[in-house]
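Below is one structure; the comments refer to it alone.
Read-outs throughout are calculated quantities, based only on the coordinates presented, and are distinct from any laboratory measurement. Keep in mind it's a predicted model, so treat the numbers as computed, not measured. Cβ coordinates were reconstructed from backbone atoms using ideal geometry, including for glycine residues, and neighbour counts include every protein chain displayed.
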Amino acid sequence: MFKRILVPLDGSALSERVLPIVGQLAGSFGSSIDLVYVIPTPADEIPEEITAQAAKDGDDYLKEMADSLSADVDQSKIGYSVQVGHPATKIIEQSESQKDTLILMSTHGYTGLQRLLLGSVAGKVAQAAPTPVLLIPAEAKSPEGNLVEFKRVIVPLDGSKVAECVLPYVVSLCKALDMELIVLRSYHPNFPGSSVRMHDVSQIVHDSAENYVKEKVKQLKSEGLKKVSHKVVRGLAAQQINDFALETPNSLTAMCTHGRHGIGRWMLGSVTNNVIHSSERPVLVIRGTD
């Protein structure tokens, strides 16, 4: 499934929190690991000797991080490199250099309005990377207060083929990690008229959503998954997805983004983007096909 796991590190304890997860996933998938450190300064704007020293320091740092993984992963499967330039761009370029790559990175633990502000490296990578991106927020913990475990995967579906592009990845993930799969469908009827008419419309929409997720559960069980369930909730999609993830311990949410190219890769506004910029639980982002 994932032959290679790309792990951006920046020298902070926050970025290094993903290393135990890297070891776990690499062991489960038989993946190689590539650690990358990006010096966020254009090389032509600082003296060459300073760039060289920063590159050496970055290389020493990555070697230390690689050694820390050797207890769980074969040393021959661990590589690392230092890049110079715009961090998000360099990370995306590295991800494009090899097929079947998963980018795994931490996100900052902002609260309040800051959680909705965009521009972080992780957010930009999730928006534009052509390969799957697994984001681990600082708040992501198990009920015991330890680093979150992956026991359940929440898959929000809206009835579109784009959203369903995530399913092949999720099926492989559940089989490899023995995870429970929960199909989530939210609905938010907005129909002008009397409360009686609104009630009728709401019931129709609910029943349609219920029938859809039940059919998906049946399909997933036919593919060999045993631990599959569903949930239908009413309300705004992004808020309901994040609320349900908070109620579901040791879970990650898997979603698709639209498969845009060029400048369209950086455009925001979808439910997925709202989720990744406000979630307190891990989110796996898959670029779908429009």
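Below is a table of values for the structure above.
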| quantity | calculated |
| --- | --- |
| Under Karplus coefficients 6.51, -1.76 and 1.60, residue-wise ³J(HN,Hα) of region 61-70 in Hz, glycine/proline x | 5, 5, 4, 4, 5, 5, 4, 5, 8, 5 |
| GNM flexibility winner over the chain from R185, R152, R234 (Cα, springs under 10 Å) | R234 |
| The chain: most fluctuating residue of S186, S142, S106 per GNM, C-alpha cutoff 10 Å | S142 |
| 5 angstrom amide H check on Y80, placed H, neighbours 5+ away | L35 |
| Mean Cβ count within 10 Å, highest first, over the residues of peptides 160-168, 18-26 | 18-26, 160-168 |
| Residue-by-residue Karplus 3J(HN,Hα) for region 225-242, coefficients 6.51, -1.76, 1.60, Hz, glycine and proline x | 7, 9, 9, 10, 9, 9, 8, 10, 10, 9, x, 5, 4, 4, 5, 5, 5, 5 |
| Separation in nanometres of the label points that stand 7 Å from Cα toward Cβ, at D57 and Q98 | 2.8 nm |
| Point-to-point label distance, T41-N146, nm (Cα→Cβ direction, 7 Å offset) | 4.1 nm |
| Ranked list, fewest to most other Cβ atoms within 10 Å of each Cβ, for L102, L252, L147 | L147, L102, L252 |
| Nonlocal amide H pairs with S32, under 5 Å, H built at 1.01 Å | R4, I5 |
| Listed pairs K124/K161; K3/K124; K90/K231; K56/K151; K124/K218; K124/K221 exceeding 31 Å between Cα atoms | K90/K231; K56/K151; K124/K218; K124/K221 |
| Fluctuation leader among T89, T257, T51 - the chain, Gaussian network, Cα springs under 10 angstrom | T51 |
| Label point distance in nm, L246-K231, each placed 7 Å from Cα along Cα→Cβ | 1.2 nm |
| Degrees, to the nearest 10: 87-96 long Cα axis against longest axis of the chain | 80 degrees |
| Helical mean residue ellipticity (222 nm; -39500 (n - 2.57) per DSSP H run of 4+; nearest 500) of the chain | -12000 deg cm²/dmol |
